[in-house]
Amino acid sequence: MTWRTPSSTWLALLGVLALGGCKKKISQAECDQLVDHFAEIVVKERFPDAGPEAIKAERDRERREATNADEFKNCTSEVQTNEHACAMRAQTSDGVIKCLE
């Protein structure tokens, strides 16, 4: 069984992270929190019966993948605090992406 996030979903999130405005931006810790939240949602959507260990392993893998992506490296300069708050409340991967558009 493979715990891979569909490339299109991950690329969509990274694409919205590349967009920005001129409002207050988030910290690196908040960027990390956002990636963790998104990864956990994606795992639960794809594998509803995944246990806490599987979710943690996938979240860790997603974080490694995200930190190597150019778009994520700009998270602190692109994502606004209100977008982060919305994304953290989102219960679906599509919801997270909508918050960051």
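The values are calculated or read from the model by the stated rules, or taken from the named source; none is laboratory data. Note that the structure is a prediction, hence the values are computed from the model and not measured. Heads up, the Cβs are rebuilt from the backbone with ideal geometry, glycines too, and the neighbour counts pull from every protein chain shown. Surface accessibility is based on the protein's heavy atoms, side chains included, excluding ligands, DNA and RNA. Shrake-Rupley method; radii C 1.70, N 1.55, O 1.52, S 1.80 Å.
Applying the condition of being open to solvent by less than 60 Å² (accessible area, probe 1.4 Å) and among the acidic types (Asp, Glu) to the stretch 35-59 and asking which residue is nearest to LYS24 (Cα to Cα) yields ASP36.
Return the residues of the stretch 45-101 that are in contact with a helix residue (DSSP H, G or I) (Cβ under 7 Å, 6 or more places away or on another chain) and among the basic types (Lys, Arg); say none if nothing qualifies. Listed by number, the residues that qualify are ARG59, ARG63.
Pairs meeting the criteria (first residue in the stretch 83-94 and more than 15 Å from LYS25 (Cα to Cα), second residue in a loop (DSSP other than H, G, I, E, B) and modelled with pLDDT of 95 or more, beta carbons under 8 Å, at least 6 apart or on different chains) are lacking. With the condition kept exactly as written, say whether any residue in the stretch 90-98 is over 13 Å from the mean Cα position of the chain (by Cα) and open to solvent by 30 Å² or more (accessible area, probe 1.4 Å). Within the stretch 90-98, not a single residue is over 13 Å from the mean Cα position of the chain (by Cα) and open to solvent by 30 Å² or more (accessible area, probe 1.4 Å).
Scanning the stretch 77-96 for residues that are more than 22 Å from GLU45 (Cα to Cα) and at pLDDT below 90 yields SER77, GLU78. Within the stretch 66-79, is even one residue part of a helix (DSSP H, G or I), of a type outside the set (Phe, Trp, Tyr), more than 13 Å from the chain's Cα centre (by Cα) and crowded, with 17+ Cβ neighbours inside 10 Å? The answer is yes, given that some residue of the stretch 66-79 is part of a helix (DSSP H, G or I), of a type outside the set (Phe, Trp, Tyr), more than 13 Å from the chain's Cα centre (by Cα) and crowded, with 17+ Cβ neighbours inside 10 Å. Quick one: in the stretch 20-34, of everything that is surrounded by 14 or more Cβ atoms within 10 Å (Cβ to Cβ) and not basic (Lys, Arg), which residue is modelled with the lowest pLDDT? Top of the filtered list is GLY20.
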